[in-house]
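Below is one structure; the comments refer to it alone.
The values are calculated or read from the model by the stated rules, or taken from the named source; none is laboratory data. Since this is a predicted model, take the numbers as computed values, not measurements. Cβ coordinates were reconstructed from backbone atoms using ideal geometry, including for glycine residues, and neighbour counts include every protein chain displayed.
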């Protein structure tokens, strides 16, 4: 009975949040993502780009997201970020502008274009490649990890997916803002999508700069740092300290305030560009990354006041400062409103917590290819748009027909209402 009551309390408010079908689904954005590293070799050739843009349009996509600043460098004409010329052993030095070619060819096919960029990463620790490994100034900005074995610079931790700059540092933010300025001011784009606009994880950053910024935020000194945040048990688990909850609030506010700066920059430089943000849909589990993508009116965090959230955590929500949130429902199960591991549940939770502050696109992972037609249909019919990540898996698993069927189902259903 308690479970049923909880389920009803969760679902009933969502009815009013489901997007209306008063407009045809064809008007919704249906985008296919082109990542930088996984597609580096394939899209080193212009004819390959043209071929797959044709495939995208034929399948029913009307928009593409082109990753132009990956973990290891830039794929646009940049004076700031070194050009990405090699990935996973394949080398290519282009004498043409990668992003501009995508834009030109997409326009010929009636496709909208967003550029995506990893905001705070500056290199790949696993491959030992990227700007941070060649630029001492960038190296001075990277995160200091607090691990059970001690302090480690993130670029030296080969288990990490990216060497992040410390988001709290003014120099890190200025670098990221200048990168964003280059992209949105020099290219004719419909949108700009922030990726990895966050802290890497709970272990970063524990530098002296972060300590000073945190002390300023709370208005008092931290006598025992980092133990006053947390310390490690023998099994490697975290034992909360005096300022444990306030620490997560502080980090989320750092990201909140940075996104405010990005919005101001967009408004100044190119106000017609949509400001987009991608993050995982499981909002309650990414607090360690500073990613409170919810509306500042959302109250989900109150379920975690005894764990990691403060009473003021809601203030860090930034949905009202972006135009589009792409909710990463990278889950294997599609259906199940009472299943937290389903795409259906993830979308419903996202709509509840965004609370109409911005548009929501259902973002699905082509690696989870089983029942992909249903995943496409559900994401497009329940949200304002669809984002399929990534074309490399669409090609690998041959998902073009499944995607088209899912799009056609959603559009037919909408038009018949």
task = Provide a single number: the residues in region 97-129 that are closer than 30 Å to residue 142 by Cα, out of contact with any strand residue (DSSP E or B) (no Cβ under 6 Å at 6 or more places or on another chain) and part of a loop (DSSP other than H, G, I, E, B).
result = 6
ask   = Going by the conditions given, is residue 319 surrounded by 22 or more Cβ atoms within 10 Å (Cβ to Cβ), within 23 Å of residue 194 (Cβ to Cβ), at pLDDT below 95 and in contact with a strand residue (DSSP E or B) (Cβ under 7 Å, 6 or more places away or on another chain)?
value = no
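Given the criteria in a loop (DSSP other than H, G, I, E, B), touching a residue at least 12 places away in the same chain (Cβ under 8 Å) and farther than 28 Å from residue 176 by Cα, does residue 235 qualify? Even if it seems obvious, please write down each step before you answer.
On the way: in a loop (DSSP other than H, G, I, E, B): yes; touching a residue at least 12 places away in the same chain (Cβ under 8 Å): no; farther than 28 Å from residue 176 by Cα: yes.
For residue 235, the condition - in a loop (DSSP other than H, G, I, E, B), touching a residue at least 12 places away in the same chain (Cβ under 8 Å) and farther than 28 Å from residue 176 by Cα - is not met.
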ask   = Has region 245-254 got at least one residue that is touching a residue at least 24 places away in the same chain (Cβ under 8 Å), in contact with a strand residue (DSSP E or B) (Cβ under 7 Å, 6 or more places away or on another chain) and surrounded by fewer than 22 Cβ atoms within 10 Å (Cβ to Cβ)?
value = no
ask   = Is it fair to say residue 336 is surrounded by 21 or more Cβ atoms within 10 Å (Cβ to Cβ), modelled with pLDDT of 95 or more, more than 13 Å from residue 282 (Cα to Cα) and in contact with a helix residue (DSSP H, G or I) (Cβ under 9 Å, 6 or more places away or on another chain)?
value = no
note = Filter region 268-289 for residues that are touching a helix residue (DSSP H, G or I) at 6+ places or on another chain (Cβ under 8 Å) and farther than 20 Å from residue 307 by Cα; the one that is surrounded by the fewest Cβ atoms within 10 Å (Cβ to Cβ) is 269
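In contact with a helix residue (DSSP H, G or I) (Cβ under 6 Å, 6 or more places away or on another chain) and farther than 25 Å from residue 42 by Cα - does that describe any residue in region 384-404?
Taking region 384-404 first, the residues in contact with a helix residue (DSSP H, G or I) (Cβ under 6 Å, 6 or more places away or on another chain) are 386, 399-400, 402-404.
Remaining after also requiring farther than 25 Å from residue 42 by Cα: none.
No, region 384-404 has no match at all.
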